[in-house]
Structure formats: C-alpha cells, structure tokens
Amino acid sequence: MSKTTFILLGISYYIISIIIIVVVLNFINKKENKKYLNEIKNLERDKNLIISASILAELNKVEPLINNSETNEIYKEWQRRFKVIKDEEVPKITDALLEIEELFNEKKYKELKQKIAEVELDICYVKTKSNFLLEEIRGITLSEERNRETITKLKASYREILAKYNNNKEEFSVVNSPMELQFENVDKLFSAFEVAMEQNAYQEVGKIVKAIDDTIGNLKIVIEEAPSIILMGKKLIPKKIKEILIAKEKMEHEGFNLEFLKLDYNIEEAHKKLSDIFQRLNVLNLEDSIFELKTILDFFESTENDFDKERISKKIFEEYTRTILVKVTKLNKINNNLYQKLDDIKYSYDLSDEDVLVIEEIHNDLKNIREKYDEIIEIYRSKQSYFAKLAKEMEIVNVKLTKTEERLEKALRTIGSLKEDELRAREQLDEIKEILIKSKENIRSYKLPLIPENYFVELSEASEAVNEIIIELENTPISIKILNTRVDTARDLVLKVYNTSKEVVKTAKMAETAIIYGNRYRIYKEVDDGLTKAENYFYKGNFKNSLENAINAINIVEPGIHKRLLEGYR
C-alpha cells in the first residue's frame, strides 16, 4: 500500500469518527432536551391544577349556611387563604416556570436542573395547602350528609342495645339505674344533634356525634359484658367461695394443714376486688372487669385442684410412711448382723478395709435415712407442713433407701460369693483328686515295661498343686483370690496328667500290637530291622518312637497299616 493511499485512509477514518461523534452528541442533546421539555410541561400542568374549581364551588356552598358570627369568621379566613394561594403563591410559581423556560432556551442545564427541583417542591407545598383548605371547607358542606349517615347507623345500634336491654332487663338488675340514665343522655344527645343541624352549628355537631358514638359504644360493651360480670360476681364466685370454705373446714378437721394456701387472705382480697368491680360497674366502667373476675374464678378452681392434690399427697405420704418404715427396719436388721460380723468376715476371707468399707457406708446411710424419716414424721405430727411437701420429702427418702438397698444386696452377693467360692473350691478339690486317681489307674491298667519320665514329672506337679489347695483351705484367713488361682492351676495340671496317662497307655498298646502284627514279615530284612528298633524303643519306654518304627517297617510290605491300626483303637 502506497503512502498516499495510507494517508487518504487515515483521513477517511478521522472524518467518519468526527461524523459519528457529532451524530451521537446530537442524539444525546435531543434526548436531554425532550426530557426537560416533558418536565416543564408536567410542572405547568401541576401548577394549573392547584386552583381547582372545587374550592370555589365549595366556598359558594358555605355562604348560604352562614348563620352565626363564628361560621362567618371561618368563612372569611378560608377566603383569605384562597386569595393568598391564588394571587400570591401561584403567580410566584408562574414566574419561576418562565425562568425555567429561559434557562432551557439558553441551554443552561445545570442551573435548569436545580430550578426544576425548587419549583417541584413549591408546587407540592402550595398544592398541599390547597387540598387541605378544600378538605376543611368540605367538612362543613358535606357534614350534614356525613353526620346524617353516621347518626342513622348509631340510631340503629342504639335501638338494638335498647331492645336487648328491655328483653333481658333482669340480667342487668345491678346496673338498671345507671343504664337508664345513660339511655336518657343518649336521647338528649340525639335531640341536641337535630337542634345543632337546624342551626348549622357544624362544629358543635361534630362534638355531639362523637359523644353519641362514645356513649353508644360504651353501652354496647355494657350490654355484652355486664350479664357475665353480674353472673360471675354475684353467683359463680360467691358459690365457689362457699364451696371452698366448706371443703377447707372438712379437710382441716381431717388433719390437713392448709395454711400454705392463705385462703382467708385470698378470700378477703377477692371480696375487695368484687366490691371494686361492682362500684365501677355502677358507673358503667367495665375495664378489665371480665379479666379480673376470670382470674378470681381460676384461682378458686385451682384451689380445688390443690385440695385434690393434698388428698392424693396424703395417701402417697401414708403409703411411704408404711413401706419405708418396714424396709428400713428390715435393712437395718440385715446390715446390723452383717456389721457385727464384719471383723470375722475380714479375717475369714482376708479382706482389706477398703473391701468392707461399703458395709460401714451402708450402715451410716441407713442411720441417716432413719433419722430423716423420724424428722419428717415429727413435722407431720406437729402439723407444721402440708402433705404435698411431706410426700415429696418422703419420696426423696424412699429413693435414697432404694439405692442403699441395692448397695446392700450387692454387698451381700459379694460376701455370699466368697463363701460360695470356698465351697466350690472344696468340691473341685474332690473332683481333682478323683481325676488324679483315674490317671494312676490308667497307668496301672496296662503292663508297661517302663513308665515314661514325663508322666512322673507331671504327676509330681499335679500332686503338689493339690496339696497347695489343701493348705490354702486349711489357712485362716482364706484368701479367695489365691484359693481360686490354686484350684485353676491344680485342675489344669491334673487334667494334663490324666491326658498323658491315657495317651501313654494308648500309644504303648498300639506299638505292641504293631510289633506282634509285624512279626509275620520278619523274613524281610528291612522289616526285621525296623521291628527290632521298635522293640528296643518299647522296652525303654519310648512308645511313640516304637510305634513309628513298627508302622514304617510293616508299611514296606503292607501299605496302609497305619490307618487300619488307628481304626482298631477308636
């Protein structure tokens, strides 16, 4: 590419870039202008909506209703405020809008943006004042319609309340006078409403309507809640108190201590609360009365539950007093016998102080349990506590006693097992001696040329072990641990001798049989040599080698002799 072409291309790219930038900036500028134009139009529209025809129309409606100086003063004030909005504040906004248009035309966007925000705030402020003024005016122009509608609804509610009262008058006997007086007040308020409406005294009308609404609302609450209050306060609670007092007297006669319930104090407080509730009811003040009465009723119902709990607790307590006394007496007797023999047990079985410490601990525990039991019984007899608490304390004593009983049973099992171990050792000694005798009988059951030396060694060890058991059993005190070890050792050694004696005799028999059987084959030199060796081993008491040599010799001429020989001795 030539240098000229390269320059031309660069110039072309530059021109195209400039054009694109200009187009983009122009587009952005148009978009920005359009946005500001829309904002200016909206501000103009909002300004025009400030002064609506509704205000003038409502002001014109007020003028014929003026029949006193107070209303006239209010009317003049409204006119003044309207004039300020129309002749002062709206023109200021108009001037500001003209300034905004001028800034827009001069493209002073930074100042324009700030000015638009200020005008928006001014329009909002003036528009709020205008709307508030309109609502105030309508408070009078629409008051008759609104108040009539409200009064119509209130009269309907009042008729329902009156009908319910007249149909159930006996339910409101306690508040007949204040309620009828309140009905008279409502009638007077309805009459006052009509007079105020005729005189166009709209401010007074609003107060009267509110007074009627409050009074009827309170009467509605009285109609709904008073029968329940009277029923609970005059019948249910007094009846419940009477039942509680009768039950209290009966239970106290039966030996129950009910001072912890503080019934006399609580009944006195209940009467005070009832008196206060009915005093307030007499002026038709029912605030929290239902809640307070339900609380009183719940308290006395819970008191009945406390009575039932006391009756149940008494049965539990009495049951504990019997069972604990029987059990603690029984355990004390067992433990005392054991405790008295403690030194003998330690001496007889070589026990350490630590081994028998549990017996002393149980002895002390039983002593403490009995002391606690006697303490609770004393409290019961002096009527210083109530059964729910006494039963709980007895339950704790019973739990401790049960744990102590388990420990005592375990201690008895441990001591019993020591005695059992001693008896078992004596029985096993007899069994071991019997096995030892059988071992000797086994050896003597077959005429052996020579008894192997290992048999005598094992017999000596077993006999010595048996003597160790005898010595240990004759010792005072007996060490059960050592005794058990001696028994285990002796049993193992005697069984070893017994097995050896059986094995020696069996092997000797098989060796002799094999030699005799093999004599028929002595014509064969190899067989004869093998049998000769077998005989030599046999007379030396080495029966195992004797058997092996005999079998190996015969196996030369008669394979399988080993299996047949074994089958013959099974």
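You will find that of LEU429, LEU412, LEU390, the residue that is open to solvent by less than 80 Å² (accessible area, probe 1.4 Å), part of a helix (DSSP H, G or I), at pLDDT 75 or above and not β-branched (Val, Ile, Thr) is LEU390 and no other.
Select, from LEU181, LEU231, the only residue that is over 51 Å from the mean Cα position of the chain (by Cα), modelled with pLDDT of 80 or more and either exposed (fewer than 15 other Cβ atoms within 10 Å of the Cβ) or part of a helix (DSSP H, G or I) (or both). Give the steps one after another, and end with the answer.
Values: LEU231 fails: over 51 Å from the mean Cα position of the chain (by Cα).
When all the criteria are applied, what remains is LEU181.
Scanning region 251-264 for residues that are open to solvent by 50 Å² or more (accessible area, probe 1.4 Å) and either modelled with pLDDT of 85 or more or not in a helix (DSSP H, G or I) (or both) returns GLU254, LYS262. Of all residues in region 456-469, those satisfying the criterion of being at pLDDT 75 or above and in contact with a helix residue (DSSP H, G or I) (Cβ under 8 Å, 6 or more places away or on another chain) are GLU458, LEU459, GLU461, ALA462, SER463, ALA465, VAL466, GLU468.
Would you confirm, using the coordinates I've provided, whether GLU441 is among the acidic types (Asp, Glu), modelled with pLDDT of 80 or more and closer than 30 Å to HIS253 by Cβ? Give the steps one after another, and end with the answer.
Working: among the acidic types (Asp, Glu): yes; modelled with pLDDT of 80 or more: yes; closer than 30 Å to HIS253 by Cβ: no.
The answer is no for GLU441.
Within region 276-307, the set of residues being open to solvent by less than 60 Å² (accessible area, probe 1.4 Å), closer than 30 Å to GLN182 by Cβ, assigned to a helix (DSSP H, G or I) and of a type outside the set (Asp, Glu) comprises ILE277, PHE278, ARG280, LEU281, SER289, ILE290, LEU293, ILE296, LEU297. Just checking, how many residues over region 102-121 are in a helix (DSSP H, G or I) and open to solvent by 80 Å² or more (accessible area, probe 1.4 Å)? Number of matching residues: 9.
Note on region 496-532: residues that are in a loop (DSSP other than H, G, I, E, B) and touching a residue at least 12 places away in the same chain (Cβ under 8 Å) amount to 1.
Does GLU224 qualify as being within 30 Å of ARG148 (Cβ to Cβ), free of Cβ contacts under 8 Å to residues at least 24 places away in the same chain and not aromatic (Phe, Trp, Tyr)?
Values: within 30 Å of ARG148 (Cβ to Cβ): yes; free of Cβ contacts under 8 Å to residues at least 24 places away in the same chain: yes; not aromatic (Phe, Trp, Tyr): yes.
Taking the combined requirement at face value, the residue satisfies it.
Checked against (1) crowded, with 16+ Cβ neighbours inside 10 Å; (2) under 30 Å from ASP430 (Cα atoms); (3) of a type in the set (A, V, I, L, M, F, W, C), LEU495 passes all but condition (1).
Is it the case that region 363-383 has a residue that's at positive phi and at pLDDT 75 or above? Within region 363-383 (the criterion being at positive phi and at pLDDT 75 or above), the answer is yes, since at least one residue qualifies.
Has region 326-334 got any residue that is within 30 Å of ILE241 (Cβ to Cβ), at pLDDT below 85 and not hydrophobic (A, V, I, L, M, F, W, C)? Within region 326-334, none of the residues are within 30 Å of ILE241 (Cβ to Cβ), at pLDDT below 85 and not hydrophobic (A, V, I, L, M, F, W, C). Summed over region 232-254, the residues that are more than 26 Å from LYS383 (Cβ to Cβ) and in contact (Cβ under 8 Å) with a residue 24 or more places away in the chain give a count of 6.
Contact annotation: residue pairs with Cβ atoms under 6 Å, 6 or more positions apart or on different chains, pairing a residue in region 304-315 that is farther than 12 Å from LEU258 by Cα with a partner that is crowded, with 18+ Cβ neighbours inside 10 Å, are SER313/PHE387; SER313/ALA391; LYS314/PHE387.
Rundown of residues vs (1) modelled with pLDDT of 70 or more; (2) among the polar types (S, T, N, Q), yes/no style:
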{"position": "GLU136", "(1), (2)": "no, no"}
{"position": "GLY139", "(1), (2)": "no, no"}
{"position": "SER143", "(1), (2)": "no, yes"}
{"position": "ARG148", "(1), (2)": "yes, no"}
{"position": "LYS153", "(1), (2)": "yes, no"}
{"position": "ARG159", "(1), (2)": "yes, no"}
{"position": "LEU162", "(1), (2)": "yes, no"}
{"position": "ASN167", "(1), (2)": "yes, yes"}
{"position": "GLU171", "(1), (2)": "yes, no"}
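The values are calculated or read from the model by the stated rules, or taken from the named source; none is laboratory data. What you see is a predicted model; the values in this text were computed from it and never measured. Reconstructed Cβ throughout: ideal geometry from the backbone, glycine too, with neighbour counts over all protein chains shown. Surface accessibility is based on the protein's heavy atoms, side chains included, excluding ligands, DNA and RNA. Shrake-Rupley method; radii C 1.70, N 1.55, O 1.52, S 1.80 Å.
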